[in-house]
Amino acid sequence: MPTESGSCSTARQAKQKRKSHSLSIRRTNSSEQERTGLPREMLEGQDSKLPSSVRSTLLELFGQIEREFENLYIENLELRREIDTLNERLAGEGQTIDGAELSKGQLKTKASHSTSQLSQKLKTTYKASTSKIVSSFKTTTSRAICQLVKEYIGHRDGIWDVSVARTQPVVLGTASADHTALLWSIETGKCLVKYAGHVGSVNSIKFHPSEQLALTASGDQTAHIWRYVVQLPTPQPVADTSQQISGEDEIECSDKDEPDIDGDVSSDCPTIRVPLTSLKSHQGVVIAADWLVGGKQVVTASWDRTANLYDVETSELVHSLTGHDQELTHCCTHPTQRLVVTSSRDTTFRLWDFRDPSIHSVNVFQGHTDTVTSAVFTVGDNVVSGSDDRTVKVWDLKNMRSPIATIRTDSAINRINVCVGQKIIALPHDNRQVRLFDMSGVRLARLPRSSRQGHRRMVCCSAWSEDHPICNLFTCGFDRQAIGWNINIPALLQEK
């Protein structure tokens, strides 16, 4: 019908107008710059205590917000005109179809349906543009607070664990499915030592609290203690990568996007093949191990559903900790007390108390609905647990019945770590993201990630190094690399 073709033509013209207008939003032309130039100059002339770089960023953001809302207002007017035009045409159709007038009820229903569709378009456009503004603001904030400093590339398979030495010289340790553990210079990213004593995947690495000793757990059903000696290379100036990071970019990455490794970068560094001590009492994969306070004993967690406590000097098994119904996934020790926490696929984690030599008590924490991937201590009487049920829970050791805070996320959570001094939790996710929360469950930031930088596959673990001047957070993942980040903690907490 001629009336229908005219309506389609009008709708097509309106659509083309919106499309051309939306394209113009993506551009920053000279006329827009001229329009916003005068207010910006006036604002810049005012006295302010803000640093010039921060002030400039804020002015740019507010300028973008103003332009977005101006464009929304113009598009609103266009859509309103389109609604009026269609309503007029519907009224005209009601007078000519089949030579009789449509009933008022039919006409009202048809017009109402058309209006509701366009109203929904308005809402969708508003939400998309508003989320774009918020996303832009969050991205800029993430760039200023969380900066990628160094990438540590050299493993031939995924990296399960990352740890920072607690004694001088401070080095970074990584444990990989390629059967090796590597020690790195944090400043230069150079591999310093390679440990090749295991015949299975190296699942965790922890450093002795006061000596140059490392503890590794492996899929070969053993845990090894080995000594290392390193000489740190002269640090090179760190390139500023903050301008290349986009915190909100979401990309789909294949294996081809993983870091290219030309040869074996660890072939030039010293290789250790024989441990000082090998701990061999488990009947399954040893998934994690840690030092008890003082460094005279270690605890290991295994897929054989047990955790073992060993004497370092004699290598003897002191206690076998049983009770979990399924495989263990992690173990952690308290930094100042003889306490151990073990997590399991049975949806629980257990607190083991060795403070009294004659009594070894155990408490069971229930609250997750899927595998507890890790549970770690914080300063005081708190434990933080993460799970495949996409939640993180903060517990008070004096009240085991329910958590004092719960963080809900959109992806399974792997080995978490807590910045003890500032009480900031780093959450590595299956979906390649790393998020930062405080102990009350407030989200602080998300580490920037783009097609060029950041993890390209599942992030397995995180580790804080609060006192290091260059990198104070490290992450590792299935993309075979570890990453050092600089988190501006004062600015992060101020944003909160």
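Rule-based calculations on the coordinates, nothing more; no lab input. Computed from a predicted structure; not experimentally measured. Cβ: placed from backbone, ideal geometry, glycine included. Neighbour counts: every protein chain shown.
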Quiz item: Say R0 is 56 Å: what FRET efficiency, to the nearest 0.05, do D467 and E88 get from their beta-carbon distance?
Solution: 0.20
Quiz item: How long is the gain from V170 to T234 if the chain were fully straight, where each residue apart is worth 0.36 nm and the alpha carbon distance is subtracted?
Solution: 21.7 nm
Quiz item: Considering amide H positions built from the backbone, and no H for Pro or chain starts, which residues 5 or more places from G477, or on another chain, come under 5 Å of its amide H?
Solution: I159, C460
Quiz prompt | Whole-Hz couplings from phi, Karplus 6.51/-1.76/1.60, listed for the stretch 204-221; x for Gly and Pro | solution = 7, 9, 9, 9, 4, x, 9, 10, 7, 10, 10, 10, 10, 10, 9, x, 7, 6
Practice problem: Determine ³J(HN,Hα), in whole Hz, for all residues of the stretch 388-405 in sequence, where each value follows from phi through the Karplus function 6.51 cos²θ - 1.76 cosθ + 1.60 and θ = phi - 60°; x replaces Gly and Pro. | Solution: 6, 7, 6, 10, 10, 10, 9, 10, 9, 4, 8, 9, 8, 6, 8, x, 8, 7
Practice problem: Scan around L321 for amide H atoms under 5 Å from its own, H built in the peptide plane at 1.01 Å from N, and keep only partners 5 or more places away or cross-chain. | Solution: A307, N308, L309
Exercise. Answer rounded, prolate or oblate for the stretch 382-496, using the Cα gyration tensor with square roots of eigenvalues a ≥ b ≥ c: rounded when a/c is under 1.5, else prolate when a/b is larger than b/c, else oblate.
Key: oblate
Quiz prompt | Approximate spin-label separation D353-S278, in nm, with each point projected 7 Å along Cα-to-Cβ | solution = 3.8 nm
Self-check item: Two-site label geometry, R452 and V293: point separation in nm, points 7 Å out along Cα→Cβ
Solution: 4.7 nm
Quiz item: Between the stretch 318-376 and the stretch 444-496, what's the alpha-carbon centroid distance in Å?
Solution: 27 Å
Self-check item: Label-zone membership for the stretch 143-164, site F62, 7 angstrom Cα→C-beta point, backbone N under 20 Å
Solution: 144
Quiz item: Over the stretch 147-193, with a single point scatterer placed on each C-alpha, what log10 of the ratio I(q)/I(0) does the Debye formula yield at q = 0.15, 0.26 1/Å?
Solution: -0.36, -1.01
Quiz item: HN-Hα J couplings of the stretch 454-470 from phi, Karplus 6.51/-1.76/1.60, θ = phi - 60°, integer Hz, Gly and Pro as x?
Solution: x, 6, 9, 9, 3, 8, 8, 7, 9, 8, 8, 9, 5, 9, 6, x, 9
Exercise. Round to the nearest 0.05 the FRET efficiency obtained for L493 and S52 when R0 = 25 Å and r is the Cβ-Cβ distance.
Key: 0.65
Practice problem: Beyond 19 Å, what share of the Cα-Cα pairs of the stretch 297-389 is found? Please give it as a whole percent. | Solution: 36 percent
Quiz item: Near the amide H of R449, under 5 Å away, which other amide H atoms are found, from residues 5 or more places off or on another chain, if H is placed in the peptide plane?
Solution: S246, G247, E248, D249
Practice problem: Output the direction-averaged projected area (hull surface divided by four) of the convex hull of the alpha-carbon atoms of the stretch 294-335, in nm². | Solution: 3.2 nm²
Quiz prompt | Among the listed pairs K150/K206; K206/K280; K150/K393; K280/K423, those beyond 24 Å (Cα-Cα) | solution = K150/K393; K280/K423
